[in-house]
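Structure first, then comments.
The values are calculated or read from the model by the stated rules, or taken from the named source; none is laboratory data. Given the structure is predicted, the values throughout are model-derived calculations rather than measurements. FYI the Cβ positions are ideal-geometry reconstructions off the backbone, even for glycines, and counts take in every protein chain you see.
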Amino acid sequence: MTPLKYNFCYAILSDQGQADYRNDANQGIYYFDTRFLNHYRFEFEDFSLIYQDAATNTQLQQYWSRHHHHQQTGQIDRCLKLQQDGFEDVIRCHNPTPDIQEVVIRQHVDSDFQDMFEIRGQWLEPLFRKTEKNLTANEYQARYVSRDHQLNQVIMEFSPARNMTEGWHFDIQPGQTLELVIRVTLISPLSENTTALPDYHSFSRNFSINKQKPSIQQAIDDVYALLLAPAEGLTIAAGLPRFVTPFGRDALICSFFLLSTFPQLAQGTLQFLAHHQGTRTDTINDEQAGKILHEYRYGERSRIGDIPFHPYFGASDATALFIILLHDYCLGSGDWSFMQTLEPHWRRALQWLEGQQDDETGFIGFHANKRGLVNQCWKDSPDSMSHQDGTLAKHPLFVSEIQAYAYKAFACASVFFIHLNQQHEADLYQVKSEHLKNQFDQYFWQPQMGCYALALDGDQQPLNVQNSNAGHCLWAGIVKPGRADELVTTLFSEALWSGWGLRTLGCHEVRYNPLSYHNGSVWPHDMALTALGLKQYGYHHQAQHIADTLLDVAEKQPDHRLPELYSGHDRNHYPVLPYHLSCRPQAWAAAALFALWT
């Protein structure tokens, strides 16, 4: 797979730089979660691809060559560059010989305007779509009017015009270079609600870090490529190929990781999430007043309500993270006026948190949504929450790191009220924070494991399995100092530490599977949050060990990228094995390096 992206326009291409949905259902050129071109493929007759580079993520550079009896008889240089609302594909054909050379280029184009969720095959059968398509020598056009009456259009212009049915036939003079330019404009009314991305060179200057490491430069390029610029505020997509849209939790955690290098992302993400904060109760998309969204999809099936993702609020942690990020951004920038600007939003977020607290324990839980997510925490796969015997936990669930985030959010709110000269409220939320910390220690700490329970189930029974979530508790500061030594020993025990990283679930647990999504795999962002927590508690050597390990993993990847996740196999017996559906690039994996190396 060759992924490219610029703002809301992205391409999923083959390893040969072509898009053909018949070979891979994901391939195509997309705009706002909709595939505008499901077929965009060239055949360079008798030419072979000899080199390709797509490291910058926004453009693809290819070199094709044709040989006869060890002599090169033709060369094709191709540069496909994504733009705000489409792309330009420049193909230069060069004749290095003293004879006239024939070059034949065939092109195949088609459009289906499918929603990403249809392509993923989740929940939905594809709609029948009536599209208008017209191919001439000079251009290709395709039009589709969606069920919510939005015109989607492809305009593809050829220069020079096609001179044969399937493409171009050139007779190139000795030493001559001919240029074929294909300009593609993708039209959607949704583009009216976007702005331009920051300039790449000014963006990259924020990262005063050793860029000689290929993985560091790749991470800079990946973060830039994943940026999104909706009018509400600059934010970031979760990852390619399937999550090119804002996700609350992902964008917030990426913003934490990039606070010291690119604080503009935190500010923009907070503005975007505040704009889309919940205002009503809706059991279909899990919206509640004050709640921060989980996911904001732009595709047709979400817009018309066939699926509940425009937006979807199935995350019980994003609201607390919103408050924490606002605090950390203001603390780092010194701009407490921004806190005052967002005061109505963080107050509503606080009210939501308090409204979710269990009457007896004060813990924040969630119920399953059959149309959305069963588990509304970062480990959101349906089998991620299990007891020691492997049985899945009964809802509602009270997950450990959600309590930790709530603890920290209440403490941050106390600081907000101090800046507003409201001492009574400041004291109130400080007391709330400390009470939750004591409750958490009483209910979640499991001395026989040396670890916190993964969660409490609907009967207030602990999920006594060794887990990586406890590292988030260090980051949030909810761990009592007397527990830290034992917890850190557990995190780096052979059950949880694979040598390549921190397993999401201990290797002796019933549901452990090293190549599952959340039951034994390793997630770089999970490790980065743990490392930040270790630093806060004074475990600098262990934090550096995590930082070194993640950099080592990235440097060992063929593309120098940290994957979204990888296997939890023992380093003594296995290399880093990729998870088959791992996003590459993925936002919080790329950003994790900057949390630990800046």
Please work out if D459 is closer than 19 Å to D526 by Cα, outside any helix (DSSP H, G or I) and acidic (D, E). no
Got a sec? Which of G458, G471 is in contact (Cβ under 8 Å) with a residue 24 or more places away in the chain and in contact with a Pro (Cβ under 8 Å, 6 or more places away or on another chain)? G458
Restricting to the stretch 503-532, name every residue that is aliphatic (A, V, I, L, M) and either within 18 Å of F257 (Cα to Cα) or touching a Gly at 6+ places or on another chain (Cβ under 6 Å) (or both). L505, V510, V522, M527, A528, L529, A531, L532
When the stretch 490-515 is checked residue by residue, the ones that are among the polar types (S, T, N, Q) and in contact (Cβ under 8 Å) with a residue 60 or more places away in the chain are S498, T504
Just to verify a result, which residue in the stretch 373-417, among those that are among the polar types (S, T, N, Q) and closer than 19 Å to W475 by Cβ, is farthest from the chain's Cα centre (by Cα)? S414
Here are Y329, Y298: which of them is in contact with a helix residue (DSSP H, G or I) (Cβ under 7 Å, 6 or more places away or on another chain), touching a residue at least 12 places away in the same chain (Cβ under 8 Å), among the aromatic types (F, W, Y) and closer than 24 Å to R120 by Cβ? Y298
Suppose we filter the stretch 322-356 for residues that are under 26 Å from D282 (Cβ atoms) and buried (at least 17 other Cβ atoms within 10 Å of the Cβ); how many remain? 14
Answer residue from the stretch 208-259, given it is assigned to a helix (DSSP H, G or I) and aromatic (F, W, Y) and is surrounded by the most Cβ atoms within 10 Å (Cβ to Cβ) among those: F257
Give me a count of the residues in the stretch 39-54 that are assigned to a strand (DSSP E or B) and either among the aromatic types (F, W, Y) or crowded, with 20+ Cβ neighbours inside 10 Å (or both). 5
Kindly check whether there is at least one residue in the stretch 359-371 that is in contact with a helix residue (DSSP H, G or I) (Cβ under 7 Å, 6 or more places away or on another chain), under 20 Å from D286 (Cβ atoms) and of a type in the set (A, V, I, L, M). yes
Is the stretch 264-278 home to any residue that is in a loop (DSSP other than H, G, I, E, B) and of a type in the set (S, T, N, Q)? yes
List the number of the failed condition for N57; all other conditions in (1) touching a Leu at 6+ places or on another chain (Cβ under 7 Å); (2) modelled with pLDDT of 95 or more; (3) of a type outside the set (F, W, Y) hold. (2)
Residue under evaluation I119, criteria (1) in a strand (DSSP E or B); (2) β-branched (V, I, T); (3) buried (at least 21 other Cβ atoms within 10 Å of the Cβ), criterion not met: (1)
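Let's see how each residue does on (1) charged (D, E, K, R); (2) free of Cβ contacts under 8 Å to residues at least 12 places away in the same chain; (3) out of contact with any Pro (no Cβ under 7 Å at 6 or more places or on another chain); (4) in a strand (DSSP E or B):
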| residue | (1), (2), (3), (4) |
| --- | --- |
| L82 | no, no, yes, yes |
| R92 | yes, no, yes, yes |
| P98 | no, no, no, no |
| R147 | yes, no, yes, no |
| N152 | no, no, yes, yes |
| R183 | yes, no, yes, yes |
